[in-house]
1. Could you please let me know if D61 is farther than 11 Å from C22 by Cβ, without any contact (Cβ under 8 Å) to a residue 40 or more places away in the chain and of a type outside the set (F, W, Y)?
2. Out of S70, S84, S62, S25, I need the residue that is under 16 Å from V2 (Cβ atoms) and surrounded by 13 or more Cβ atoms within 10 Å (Cβ to Cβ). Which one?
3. Could you list, ordered by first residue, the pairs with Cβ atoms under 9 Å in which the first is in segment 31-54 and closer than 16 Å to G9 by Cα and touching a residue at least 24 places away in the same chain (Cβ under 8 Å) and the second is basic (K, R) and open to solvent by 60 Å² or more (accessible area, probe 1.4 Å), at least 6 apart or interchain?
4. Would you mind stating whether T90 is open to solvent by less than 50 Å² (accessible area, probe 1.4 Å) and in contact with a Ser or Thr (Cβ under 9 Å, 6 or more places away or on another chain)?
5. For Y79, work out the one condition from (1) within 17 Å of G110 (Cα to Cα); (2) at pLDDT below 95; (3) open to solvent by 60 Å² or more (accessible area, probe 1.4 Å); (4) not charged (D, E, K, R) it doesn't fulfil.
6. For segment 93-117, which residues satisfy the criterion of being open to solvent by 30 Å² or more (accessible area, probe 1.4 Å), touching a Phe, Trp or Tyr at 6+ places or on another chain (Cβ under 9 Å) and not in a loop (DSSP other than H, G, I, E, B)?
7. Specify the residue that is farthest from the chain's Cα centre (by Cα); the eligible residues are those in segment 34-48 that are more than 17 Å from D61 (Cα to Cα) and open to solvent by 50 Å² or more (accessible area, probe 1.4 Å).
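The values are calculated or read from the model by the stated rules, or taken from the named source; none is laboratory data. Source: prediction; values computed, not measured. Here the Cβ positions follow ideal geometry from the backbone for every residue, glycine too, while neighbour counts run over all protein chains shown. Quick note on the areas: whole protein, heavy atoms, side chains included, nothing else; ligands and nucleic acids left out. Shrake-Rupley method; radii C 1.70, N 1.55, O 1.52, S 1.80 Å.
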Amino acid sequence: QVQLAESGGGLVQPGGSLTLSCTASENTFAHSIMGWYRQAPGQERDWVALINIFGTTNYADSVKGRFTISEDNSTNKVYLQMNSLKPEDTAVYYCNAFHFPSRTNYWGNGTLVTVSS
């Protein structure tokens, strides 16, 4: 069973920065692709950034060059550094783990990011 808990959301002005963090159960990273997804009001949940067990990252075109995903194995945390934020980045951000051994997607409860002046 993988447990995920996000933190770090809040209100930020356009052009500002915010860092989200996700605390995962121990040993999750060695067996999972970790990712961040977001869901804006009235829209479907979309992927934002992924990082695999080798540290390879991938980003949605809409955030490429502005967002950075990283993980810290010593603290079981995965981060999403968000720079140059835009109003269209407003959404609930979810941490995700695709766990290979169980072939299961696990989700956190989400954290709200609001970009507004």
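1. Values: farther than 11 Å from C22 by Cβ: yes; without any contact (Cβ under 8 Å) to a residue 40 or more places away in the chain: yes; of a type outside the set (F, W, Y): yes.
For D61, the condition - farther than 11 Å from C22 by Cβ, without any contact (Cβ under 8 Å) to a residue 40 or more places away in the chain and of a type outside the set (F, W, Y) - is met.
2. Working: S70 fails: under 16 Å from V2 (Cβ atoms); S84 fails: under 16 Å from V2 (Cβ atoms); S62 fails: under 16 Å from V2 (Cβ atoms).
Sole residue among the options that is under 16 Å from V2 (Cβ atoms) and surrounded by 13 or more Cβ atoms within 10 Å (Cβ to Cβ): S25.
3. Y37/R45; R38/R45; Q39/R45
4. Working: open to solvent by less than 50 Å² (accessible area, probe 1.4 Å): yes; in contact with a Ser or Thr (Cβ under 9 Å, 6 or more places away or on another chain): yes.
In short, yes.
5. Answer for Y79: the failing condition is (2).
6. As a first pass, look at segment 93-117 and keep what is open to solvent by 30 Å² or more (accessible area, probe 1.4 Å): 94, 98-107, 109, 112, 114, 116-117.
Among the residues that remain, those that are also touching a Phe, Trp or Tyr at 6+ places or on another chain (Cβ under 9 Å) are: 94, 98-99, 104-107, 109, 112.
Y94, F98, H99, T104, N105, Y106, W107, L112, listed by residue number.
7. Going residue by residue through segment 34-48, those that are more than 17 Å from D61 (Cα to Cα) are 34, 41-43.
When the remaining residues are screened for being open to solvent by 50 Å² or more (accessible area, probe 1.4 Å), the result is 41-43.
Values: P41: 17, G42: 20, Q43: 17 Å.
Of everything passing the filter in segment 34-48, G42 is farthest from the chain's Cα centre (by Cα).
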